[in-house]
Amino acid sequence: MTRIPRRCPRLCLPLLACLAAFIAAPARAQFVGESRLQPDQLAIVINDAEPNSVRIGAYYRKRRGIPAANVVHVSIPGKPHEISAERFEALKDEIDAHLGPNVQAVLMVWTAPYKVACNSITGAYSLGFDPGQCAKTCLPGRPSPYFNSSSSRPYTDLNIRISMLLPTESVERAKALIDRGAGAGFRIVPATAYFLTTSEKARNSRAAFFPPPGRIAARRLVTKPMQADVLEGAKDIMIYETGMAEVAKLDTLGFLPGALADHLTSLGGDLLGGEQMSSLRWLEAGATASYGTVSEPCNHWQKFPNPTVLLKHYVQGTSAIEAYWKSVAWPTQGLFIGEPLAAPYRKR
C-alpha cells in the first residue's frame, strides 16, 4: 500500500465536532432515528448455479420476510473471482429488469464473483462500472453522491441501488451471520466502538477521523480510540476499525449482533485471494458486516469507511448496508459484505 498525504477536508471537520457534542449529550437526550431500509425495499439475487446460494437465499428470504417479487435468479457457473465488464453489464441488466421502483438496495447471495476488472462488484453495480479507475488504481475515485447522505431511499432520491454480498462459502456460517443480523436491535446492550491507530503508519490515514473517547449514554455505547496493533479479549464489540494487513487475536474477541468491523489495507476485498487478510475473516470471527478493497487503492481515506460518518449513521438507527455505504466517499474499489438489514440502534 503506497503512502499518500493525509488530509482532513473541511466537509468532515463539522462531523467531528458534531459527534463530540453528540457523545457528550446527557442520557435524557432524545434520539431521532433515521428511517432505515425495510425488507420490502431489498432485493436478493440468487445464483442458481451454486447450491449454497440457493439454500442461503431461501433461508434469508424467510428469515427477513423478503417479498417473492424481490427475489431474482441468475446463473453464474464456476464461481469466478472476477468477471469482465461485458459479462457484468449483462448481469446487471438481467437483475435490474426484475426490480420495481420500490427496491432501494440489492443483496447478492454469493462469495464470487466479487470483482469487475479493478472495480468491486458492489461498487460497479451501485455506481456503474468505472473503467477509468483501472488506468491507475491509486488515482482518486469517483465521488459517491450517497456519502454522508440523509436519504433513506437512495434509488428514489439519487438513482442508486446500494448493494452488498452475502458470502456463501459455508451454509452454517451464513445462517449464523443472518441470525446475528436479525437478532440485532431487540434490546440495547452495553457496547464499545474500538478505533485502533497502529504501528503500520501508512494504514493510519483515517485516524484523523476517529471519534474522541466518550460515551453515548442513550445508546449505552462507549467510543474507544487506541494506540495499539491488536485488540485482544474484548467481548463487547459493536465497531472495530483498524489499519493492518493482518489482524491478530480475532479468535479472542466477542462481536455483538450487528457489529461492523474492517481493516484499512489494500486487498481485504479480494475475498478468496491470499496476499492479505480477507474481509471474510471478520465475518467468521463474529462481525455482521465488513468492507475491503479489491484492487490497490493506495491509502486514500476516501476509499475506506470514514469512522465518524459510519458511527454517526449507525447510532442514529440506519441499517448496516446504509451506514457502511454512507461512510465511503469513493467506493468504486470497495466491496461491502455481510447482512445488510442489521440495525442494532433501530427506532423501536
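Throughout, read-outs are computed from the coordinates displayed, never taken from laboratory work. Please read these numbers as outputs of a predicted model, since none were measured by experiment. Reconstructed Cβ throughout: ideal geometry from the backbone, glycine too, with neighbour counts over all protein chains shown.
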Inset, instruction - Can you give me the ranges of the helices (runs of 4 or more DSSP H) entirely in the stretch 132-245 with at least 1 residues that are aromatic (F, W, Y)? - result: 154-158
Inset, instruction - Can you confirm whether the stretch 194-214 contains a residue that is free of Cβ contacts under 8 Å to residues at least 60 places away in the same chain, within 20 Å of Y314 (Cα to Cα) and of a type in the set (V, I, T)? - result: no
Legend entry - Flag if T111 is among the polar types (S, T, N, Q), more than 17 Å from S290 (Cβ to Cβ) and part of a loop (DSSP other than H, G, I, E, B): no
Legend entry - the stretch 72-84 residues that are at positive phi and in a loop (DSSP other than H, G, I, E, B), paired with ones that are surrounded by fewer than 17 Cβ atoms within 10 Å (Cβ to Cβ) and aliphatic (A, V, I, L, M) (beta carbon under 9 Å, 6 or more apart): G78/A49; K79/A49; K79/L272
